[in-house]
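The values are calculated or read from the model by the stated rules, or taken from the named source; none is laboratory data. Fair warning: this is a prediction, and the values are worked out from it, not measured in the lab. A quick note on method: Cβ atoms are made from the backbone with ideal geometry, for glycine too, and the neighbour counts reach across all protein chains shown. All accessible areas refer to the heavy atoms of the entire protein, side chains included, with ligands and DNA or RNA removed. Shrake-Rupley method; radii C 1.70, N 1.55, O 1.52, S 1.80 Å.
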Amino acid sequence: MARHHPDLVFCRKQPGIAIGRLCEKHDGVCVICDSYVRPAELVRVCDECNYGSFMGRCVVCGGPGVSDAYYCKECVIQEKDRDGCPKIVNLGSSKMDLLYDRKRFNGKR
């Protein structure tokens, strides 16, 4: 998801011991490159991204997490798993545009 949307921003703080989770929609995908092949290493998120109501949430979209998140083998070889916490911290312009369009049209489509 983050690879195809350049306006999404990663947290990138020092990861803690908490394991990242993925929702049903993003289950099995690498959190960096969006590939579904060869999961290799567990995703670790920082303590701020796993605190309170954020605990157990999807790393990509913030939905309820159902499975552990993994980096793919390529991202581990390229050491992209060491860049910091991979949690997406903003919504992105496409989701914000959709939100305002829904408000403006108020379901009249």
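Side notes on the structure shown:
- When the convex hull of its Cα atoms is projected in every direction, mean area for region 1-81 (nm²): 5.0
- Here's how it looks for Arg57: its modeled amide H is under 5 Å from those of Gly65, which are all 5 or more places away or on a different chain.
- Peptides 25-32, 52-59, 41-48 ranked from most to least packed by the mean count of surrounding Cβ atoms within 10 Å: 25-32, 41-48, 52-59.
- Taking amide H positions as modeled 1.01 Å from N, with prolines and chain starts lacking one, the residues under 5 Å from Val9 and 5 or more places away or on another chain are Val89, Asn90.
- Treating r as the C-beta distance of Gln78 and Asp34 and R0 as 22 Å, the FRET efficiency rounds to 0.90.
- Under 5 Å, built H, 5+ apart or other chain: amide partners of Gly16: Val45, Cys46, Asp47
- By a 1.4 Å probe calculation restricted to protein chains, Lys80 has an accessible surface near 70 Å², given to the nearest 10.
- If you plug the beta carbon distance of Tyr100 and Arg12 into 1/(1 + (r/R0)^6) with R0 = 30 Å, you get a FRET efficiency near 0.60.
- Net lengthening on full extension, Leu42/Cys61 (0.36 nm per residue, minus Cα-Cα): 5.1 nm
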